[in-house]
Amino acid sequence: MTAGESPAADDAVWGPEPPAPLVRPFLLTAGRIAGGDSLVPPIPIETQVIATDVGLATLDAFAFDQHRDIIMICRQPQSLAEIAAKLRMHLNVIRVLADDLRADGQLALYVPQDGSARDATVLRRVIDGLRDIPDSRGRVRER
């Protein structure tokens, strides 16, 4: 923005969507991929994530805004899929970052039981939850 330009001028340039983040995903994950260690499978997408007291206390100390954003979103339990959708980041990037934050004691992860992924009621709730997410125009699909 130049001198004399109003903040609304940015909206005219970028539209309703802000520009892509300046930090590329491979920098956020230091080149690591989810499940890159063959002994540890990637965190399931339905895993519930919640911020710990340690994470909430260190909100101002993160090197990357994305770490802070994950902690802020996780004040209430969220699935990895919800976090990825809300932050508009790739799911595997969220998996790596969430695992890092868990290792630092800033997030608590609650992995569902093995049989729950095959439970039809869980699948129905996931489908309903996905339908409740607004599309790019802000409209919610009808059920």
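State whether the residues of segment 131-143 include one that is open to solvent by less than 70 Å² (accessible area, probe 1.4 Å), at negative phi and not in a helix (DSSP H, G or I).
Scanning segment 131-143, I find at least one residue that is open to solvent by less than 70 Å² (accessible area, probe 1.4 Å), at negative phi and not in a helix (DSSP H, G or I), so the answer is yes.
For segment 63-116, the helices (runs of 4 or more DSSP H) that sit wholly inside it and include 1 or more residues that are more than 24 Å from D128 (Cα to Cα) and either among the hydrophobic types (A, V, I, L, M, F, W, C) or in contact with a Phe, Trp or Tyr (Cβ under 8 Å, 6 or more places away or on another chain) (or both) are 65-73, 91-103.
Please indicate, with yes or no, whether at least one residue in segment 95-112 is farther than 15 Å from V49 by Cα and either at pLDDT 80 or above or loosely packed, with under 10 Cβ neighbours inside 10 Å (or both).
Looking only at segment 95-112, we keep the residues that are farther than 15 Å from V49 by Cα, and these are none.
No, segment 95-112 contains no residue that is farther than 15 Å from V49 by Cα and either at pLDDT 80 or above or loosely packed, with under 10 Cβ neighbours inside 10 Å (or both).
Among the residues of segment 54-79, those identified as hydrophobic (A, V, I, L, M, F, W, C), at pLDDT 90 or above and open to solvent by less than 50 Å² (accessible area, probe 1.4 Å) are I70, I71, I73, C74. Taking F26 and the conditions (1) of a type outside the set (A, V, I, L, M); (2) crowded, with 16+ Cβ neighbours inside 10 Å; (3) in a helix (DSSP H, G or I); (4) modelled with pLDDT under 80, which numbered condition does it fall short on, given that it satisfies the others? Every listed condition holds for F26 apart from (2).
The values are calculated or read from the model by the stated rules, or taken from the named source; none is laboratory data. Values in this document were obtained by computation on a predicted structure and should not be read as measured data. Ideal geometry is used to build each Cβ from the backbone, glycine not excepted, and the neighbour counts take in all protein chains shown. These accessible areas exclude ligands, DNA and RNA; they are computed on the full protein's heavy atoms, side chains included. Shrake-Rupley method; radii C 1.70, N 1.55, O 1.52, S 1.80 Å.
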